[in-house]
Amino acid sequence: MSWLDALPEDERERLLPRFLTRAYRRGENLVQQGDPSANVFVLDAGHAAVRVTTEHSESLTVTVIGPGATFGEIAGLSGTDTRTATVVALDSVTARVLPHRVFEDVRRRHPAVDRAIAEALAARVDDLSRRLAETTYESVQRRCGRRLLELADLMAEPGARSVSIPVTQEDLAGLVGATRPTINQVIGRLSDVRLIRLGRGRIDVPDREELRSFVG
């Protein structure tokens, strides 16, 4: 449940005019790591990659978000005053942006918002723990298949079996937790058995159900 869902319906209606709507093309940054953490975002359409840059200047994609996702709200709980990740559009993205001062006012008046944020944070920690466990017990090929299936399910049109995923193999390496050369090998094997097709800046899944059967 997002923090918006925790608000009474009348409060959500009053809040709508306070949002600013922005559009982003593929490759544009919604926010940049290290920038001031000022506003809260709600994705209405499109998909975006969340990337972190390490102290060695390596960029890792840690997750991909889609319509309905929110970000920026956890800074209010943690006290963080700068962005901890870069969020970049993978396709055409439309987002609503709520000024920080408005969001803080909502938090003060509705304690349920903080509870919803805490629950969302706990869910992210659980997901991270699951993925860390996978790196110990699951092969890279199976982890790669699972991440691709998750992306395919996130991005596919309702009822569609095929989908084009606008991510690079470098993105996938970060999501899987493996090196780029290893991912290249796994992607090659998945392509050989026609579970995926490679394109420039994208990975096509011809049949999600076949990939689902492969992942098991």
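The values are calculated or read from the model by the stated rules, or taken from the named source; none is laboratory data. Here the structure is a predicted model, which is why all the values come from computation and not from measurement. Neighbour counts are summed over all protein chains in view; Cβ atoms, including those assigned to glycine, are modelled from backbone coordinates with ideal geometry.
Of the residues making up region 159-216, those that are assigned to a helix (DSSP H, G or I) and hydrophobic (A, V, I, L, M, F, W, C) are Leu172, Ala173, Leu175, Val176, Ile183, Val186, Ile187, Leu190, Leu211, Phe214, Val215. Here the condition is being modelled with pLDDT of 90 or more, closer than 24 Å to Thr54 by Cα and aliphatic (A, V, I, L, M); of Leu128, Leu149, Leu172, Leu190, it holds for Leu172 alone. From the list Thr94, Thr84, Thr63, exactly one residue is assigned to a loop (DSSP other than H, G, I, E, B), among the hydroxyl-bearing types (Ser, Thr, Tyr), in contact with a strand residue (DSSP E or B) (Cβ under 8 Å, 6 or more places away or on another chain) and not assigned by TED's automatic domain parsing to the domain that holds Ala156. Which is it? Only one candidate qualifies: Thr84.
Of everything in region 33-54 that is surrounded by 15 or more Cβ atoms within 10 Å (Cβ to Cβ) and assigned to a loop (DSSP other than H, G, I, E, B), the residue that is farthest from the chain's Cα centre (by Cα) is Ala38. Among the residues of region 92-123, those that are loosely packed, with under 12 Cβ neighbours inside 10 Å and either under 30 Å from Pro166 (Cα atoms) or in contact with a Lys or Arg (Cβ under 6 Å, 6 or more places away or on another chain) (or both) comprise Ala122, Ala123. Looking at this structure, is Asp153 surrounded by fewer than 19 Cβ atoms within 10 Å (Cβ to Cβ) and not in a loop (DSSP other than H, G, I, E, B)? Yes, satisfied. Residue pairs whose Cβ atoms lie under 9 Å apart, sitting 6 or more positions apart in sequence or on different chains, and linking a residue in region 13-29 that is on the phi > 0 side of the Ramachandran plot and assigned by TED's automatic domain parsing to the domain that holds Thr94 to a partner that is in a strand (DSSP E or B) and at pLDDT 95 or above, are Gly27/Val88; Gly27/Ala89.
Gly79 meets each of the listed conditions (1) exposed (fewer than 13 other Cβ atoms within 10 Å of the Cβ); (2) at pLDDT 90 or above; (3) more than 20 Å from Ser213 (Cβ to Cβ) apart from (2).
Applying the criterion of being touching a helix residue (DSSP H, G or I) at 6+ places or on another chain (Cβ under 6 Å) and free of Cβ contacts under 8 Å to residues at least 60 places away in the same chain to the residues of region 128-155, the residue that is nearest to Ser92 (Cα to Cα) is Ala152.
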